[in-house]
Amino acid sequence: RDILSRWIKDAPNYVECEISVPALKTSESTADGFDFSSGSWSKGTTLPSFKLTRGGRSMDKTATKTVVFSDGEAFNIAFDVRKRGKLRLRRTEDAGEYPVGDRGEVAIALNGTYYQFALGAGGDSFASKALEGKFAGEWSVRTKVVPGGWRAVVRIPFASVGFRPVADPTVRFMASVTYSHGNARSQGLTYSLGGASPHTPKTWSELRVEY
């Protein structure tokens, strides 16, 4: 009974075992649009359980919605980030550098490695393969500032990361959002899916991707 009580108490600390991602037909306007309440976005999987992983106190009732679906050829990921107070939209000095200010991040692990995709609310983007440096594969991101926050649409082709769902439809997946209190990378609050840690795929959630 004592062991069972500890398991129940510790359950919220574990990431989700498996999250199913549907395959949906889409058009370019749907995938690139920012209306996440209609079209394929409304039928995608809303990622659960974002937890505070870095920073001090959590922000007052901050709400972030992240949706994922497959179009048979790519991962489509939407961020709808709510933030009270000022958005930090500072651009990096050099194109292709890791974003500063308010930002989001997606990471996908498969075939013994992982890929990191970072996106700034101000429009910056950065991608890398593990810790090997910048990733030159195809992917795209669009961002938009909206009242009370910002939104982003990310598309990552399966071929860019060597994902073959017919062989194995599962990947390890992390998504996170950082709310900046200044322009430095180290300042702010970071929430991630299931409390996962960057660069540590074993802490990430498992996605089962339909195609």
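Counting only residues that are modelled with pLDDT of 85 or more and part of a loop (DSSP other than H, G, I, E, B), which one in segment 49-85 is nearest to TRP150 (Cα to Cα)?
Applying the filter and picking the extreme gives LYS83.
Does segment 113-147 hold any residues that are open to solvent by 20 Å² or more (accessible area, probe 1.4 Å), out of contact with any Ser or Thr (no Cβ under 6 Å at 6 or more places or on another chain) and either under 17 Å from THR178 (Cβ atoms) or free of Cβ contacts under 8 Å to residues at least 12 places away in the same chain (or both), and which are they?
Within segment 113-147, GLY122, SER125, PHE126, GLU132, GLY133, ALA136, THR143, VAL145, PRO147 qualify.
Scan segment 184-194 and tell me whether some residue there is charged (D, E, K, R) and out of contact with any helix residue (DSSP H, G or I) (no Cβ under 9 Å at 6 or more places or on another chain).
Yes, segment 184-194 contains at least one residue that is charged (D, E, K, R) and out of contact with any helix residue (DSSP H, G or I) (no Cβ under 9 Å at 6 or more places or on another chain).
Yes or no: segment 183-197 includes at least one residue that is open to solvent by 20 Å² or more (accessible area, probe 1.4 Å), touching a strand residue (DSSP E or B) at 6+ places or on another chain (Cβ under 6 Å), small (Gly, Ala, Ser) and under 24 Å from THR46 (Cβ atoms).
Yes, that holds for at least one residue.
Taking the condition β-branched (Val, Ile, Thr) and at pLDDT 95 or above, does VAL146 pass?
No: the conditions fail for VAL146.
Hey, among SER160, SER192, which residue is of a type outside the set (D, E, K, R) and modelled with pLDDT under 95?
SER192
Do we have GLU210 as open to solvent by 60 Å² or more (accessible area, probe 1.4 Å) and within 24 Å of SER40 (Cβ to Cβ) here?
It is true that GLU210 is open to solvent by 60 Å² or more (accessible area, probe 1.4 Å) and within 24 Å of SER40 (Cβ to Cβ).
Cβ-Cβ distance below 9 Å, separation of 6 or more or different chains: which pairs start in segment 87-99 with a residue that is under 14 Å from GLY133 (Cβ atoms) and end on one that is at pLDDT below 70 and not aliphatic (A, V, I, L, M)?
That search, which allows pairs on different chains as well, returns TYR98/THR92; TYR98/ARG185.
The values are calculated or read from the model by the stated rules, or taken from the named source; none is laboratory data. Just so it is clear, the model here is predicted, and its values are computed rather than measured. Here Cβ is always computed from backbone atoms with ideal geometry, including for glycine, and neighbour counts include all displayed protein chains. Please note that ligands, DNA and RNA were not included when accessible areas were found on the heavy atoms of the full protein model with its side chains. Shrake-Rupley method; radii C 1.70, N 1.55, O 1.52, S 1.80 Å.
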